[in-house]
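The values are calculated or read from the model by the stated rules, or taken from the named source; none is laboratory data. Everything numeric in this text was worked out from a predicted model, so none of it was measured. Because the Cβ atoms are built from the backbone with ideal geometry, glycine has one as well, and the counts that use them run over all protein chains shown. Areas reflect the complete protein model, heavy atoms only, side chains present, ligands, DNA and RNA absent. Shrake-Rupley method; radii C 1.70, N 1.55, O 1.52, S 1.80 Å.
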Amino acid sequence: MLNNKSFRLLQSDAGSGGRVGELVTPHGIVPTPVFCPVGSQAAVKALTVAEVAGIGLQMLLANTYHLYLRPGIAVIEELGGLHKFMGWDKAILTDSGGYQIFSLAPLCQINDEGVTFRSHIDGSQHFITPELVIQYQEGLGADIIMVLDECPPHDGSFEEVRGAMLRTHRWAERCRRAPKRTDQALYA
């Protein structure tokens, strides 16, 4: 969980509500607000990690769902974790795969227990729960991990958006209670 040891507020503006702070992660301090490029499959498209670091970026985002499908969480664990796999020694935030519930909606079936994805790669089915999402992200060795969430469409009805919000809250509670292998990661 984010706490006063993992986030330090450095300055705030009462007029705008803006804040400047820093996240303290196992792989360094990340000033906030932060620009966090997406490397869904453990790589930022068209840039090497040296180029990403060279422009001063402090954190990358990788996607648990895509990495789960290929090369697989166990493969990345065996190779020493996501930092070694990517060749990145700064902070990594992993998305839970919740966005894929939205972006791959035709391939998903969602219920209160979790989500069943039909792989866009080979059609295989995969049932993912909030507890598994925590396990997978810890297996990747991410610095900041996200709870499983349901992202409703922008034009969803009030009932759809409310239902997604309530399910996300229940899933977040399950993520919070899920057994943790480490206290290193920040849970958001």
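Key figures for this structure:
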quantity	calculated
Cα centre as origin, Lys/Arg/Asp/Glu Cβ charges: the chain dipole, Debye	300
Environment charge at Met59 (Cβ cut-off 15 Å; Lys +1, Arg +1, Asp -1, Glu -1)	-3
Approximate spin-label separation Tyr99-Val24, in nm, with each point projected 7 Å along Cα-to-Cβ	2.9
Residue of Tyr99, Tyr65, Tyr136 that the Gaussian network model of the chain assigns the largest fluctuation, springs spanning Cα pairs under 10 Å	Tyr99
Spin-label model distance (nm) - Ala53 vs Asp13, 7 Å beyond Cα toward Cβ	3.3
Accessible heavy-atom area order of Glu113, Glu138, highest first, probe of 1.4 Å	Glu113, Glu138
Summed side-chain charge close to Gln125 - residues other than Gln125 whose Cβ falls under 15 Å, Lys, Arg +1, Asp, Glu -1	-1
Average accessible area per residue (Å²) across the chain - probe 1.4 Å, nucleic acids and ligands excluded	55
Net charge of neighbours whose Cβ lies under 12 Å from the Cβ of Glu77, counting Lys and Arg as +1 and Asp and Glu as -1	0
Lysines whose Cα lies under 22 Å from that of Lys5, excluding same-chain neighbours fewer than 8 positions away	Lys90, Lys180
Antiparallel bridges, percent of DSSP beta bridges restricted to the chain (to nearest 5)	65
Proximal aspartates and glutamates relative to Lys84, as straight alpha-carbon distance under 20 Å, when same-chain residues fewer than 8 apart are discounted	Glu51, Asp95, Glu138, Asp143, Asp183
Rounded percent of accessible protein surface that carbon and sulfur make up, the chain, 1.4 Å probe	56
